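Engineer: A single structure is presented below for examination.
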Amino acid sequence: MPEANAQPLLQGTGLHRTYRLPRRGPFEPGPVRTAVDGVDLTVAAGARLGIVGESGSGKSTLVRLLAGLEAPSAGTVTASGRRVVAAGTATGSAAAMRWFRRETGVVFQDPYASLDPRMRVGAIVAEPLRALRIPGSHESLVADVLARVDLPPDAVDRYPHEFSGGQRQRIAIARAVVHSPRILFGDEPMSALDVVVRARVIELFRTLADDLGLTLVLVSHDIGVVQRLCDTVAVMSAGRIVEHGPVSLLDAPTHPVTRALVEAAPTLP
Ligand SMILES: Nc1ncnc2c1ncn2[C@@H]1O[C@H](COP(=O)(O)OP(=O)(O)OP(=O)(O)O)[C@@H](O)[C@H]1O
Ligand SMILES: [Mg+2]
């Protein structure tokens, strides 16, 4: 699966992202907030990377940059050596991004907000296939992926409101992997779910990563999720990665930021 020649599957170099906040007065420019402040990060094919850090440390922003959903203020993202140019930038059109969209899928936190309530599940899950112009029978690809995420075949004809939060997240996951991407990004994909459902969705991520050979990039404020699912961890603080290594570093944290996160984490049953 991974090529022997060595371009990393995903690489962020010198990533910065600033936001200009609203102006305070008519002649004053708005203050600038730095969300990501100089991140270099390499994700190897097959890695399962967890990104942790306190609220506001820049985790979601970093994932949006890496997933090409937002353009960095400075720095570059490359996938297998090819430059990712985010949509909405001068050179970033939907067509220019299609190759990267085919390589990636994204799951967000809120399964209620992320699914169009007026669309049937079959159309929701098939959407990337249409947008990415994937050849072949979309119907059978949708049926296959629904089975993979443990939803009944008749789900295709139903609407999101007919499903529980956990099932909706399965629908969102099905949509994220229906086109067989190589990288699956998740921004707190289990955080809105109760403990039992969360454990099942963690298992689902693991099974999908195993069966589909996915590389995972997963943001979670929940250290337990990362310990269960990931092999590497990046710890963020104030827009930077302060520690990056095997997930075992969470067992005996030495960096003060990591230690504070681990100490604040509730112990899982
Ligand atoms: N669109 C935006 N406009 C202005 N500021 C933003 C925007 N997005 C993020 N920020 C700011 O950037 C910083 C990092 O935000 P980000 O959402 O990436 O953090 P996070 O680590 O994901 O936090 P959380 O754990 O609460 O989700 C925060 O100070 C946030 O307020
Ligand atoms: Mg976030």
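Just so you know, all these numbers are worked out from the coordinates, no wet-lab data involved. Just so it is clear, the structure is predicted and the values come from calculations on it, not from any experiment. Quick reminder, even Gly has a Cβ in these numbers, built from the backbone with ideal geometry, and neighbours come from all protein chains shown.
Engineer: At 0.36 nm per residue, minus the direct Cα-Cα distance, what do residue 211 and residue 143 gain on full extension? Give it in nm, one decimal, please.
Structural biologist: Computed gain between residue 211 and residue 143 is 22.8 nm.
Engineer: Please work out the Cα convex hull volume for the range 5-147 and give it in Å³ per residue.
Structural biologist: For the range 5-147, the hull spanned by Cα atoms encloses 178 Å³ per residue.
Engineer: Enumerate by residue number the GluC sites (Glu not before Pro) in the range 1-80 meeting two conditions: DSSP loop (anything except H, G, I, E, B), and at most 10 other Cβ atoms within 10 Å of the site's Cβ.
Structural biologist: Filter output for the range 1-80: 3.
Engineer: Here's something else I'd like to know. Would you calculate the convex hull of the Cα atoms in the range 157-212 and tell me its volume per residue in Å³?
Structural biologist: 86 Å³
Engineer: So in the chain, what percent of DSSP beta bridges are antiparallel if you round to the nearest 5?
Structural biologist: 55 percent
Engineer: How big is the antiparallel share of DSSP beta bridges in the range 175-269, given as a percent to the nearest 5?
Structural biologist: That works out to approximately 55 percent antiparallel.
Engineer: Loop-only check: which trypsin sites (Lys or Arg not before Pro) in the range 36-119 are DSSP coil with at most 10 other Cβ within 10 angstrom?
Structural biologist: Hits after loop and neighbour filter: 118.
Engineer: Using Cα springs under 10 Å in a Gaussian network model of the chain, which residue among 32, 257, 63 shows the largest mean-square fluctuation?
Structural biologist: Comparing 32, 257, 63 in the GNM, the peak value goes to 32.
Engineer: Among 119, 97, which comes first, second and so on when ranked by fewest other beta-carbon atoms within 10 Å?
Structural biologist: 119, 97
Engineer: Sticking with this structure for a sec: Which of 173, 51, 202 comes first, and how do the rest follow, when ranked by fewest Cβ neighbours within 10 Å?
Structural biologist: Ascending number of Cβ neighbours within 10 Å: 202, 173, 51.
Engineer: Taking 2.2 N^0.38 Å as the expected size of a compact globular protein, what ratio does the Cα radius of gyration of the range 109-235 give against it, to two decimals?
Structural biologist: 1.02
Engineer: As a test of the formula, what do you get for the chain when each DSSP H run with n ≥ 4 contributes -39,500 (n - 2.57) and the sum is divided by the residue count, at 222 nm and rounded to the nearest 500 deg cm²/dmol?
Structural biologist: Theoretical 222 nm ellipticity from helices: -10000 deg cm²/dmol.
Engineer: Tell me the Kirkwood radius of the range 19-89: reciprocal of the mean inverse pair distance over distinct alpha-carbon atoms, in Å.
Structural biologist: 14.1 Å
Engineer: Let me ask something else. Given the Cα atoms of the chain, and with Rh set as the inverse mean 1/r over their pairs in the Kirkwood sense, what is Rg to Rh to two decimals?
Structural biologist: 0.97
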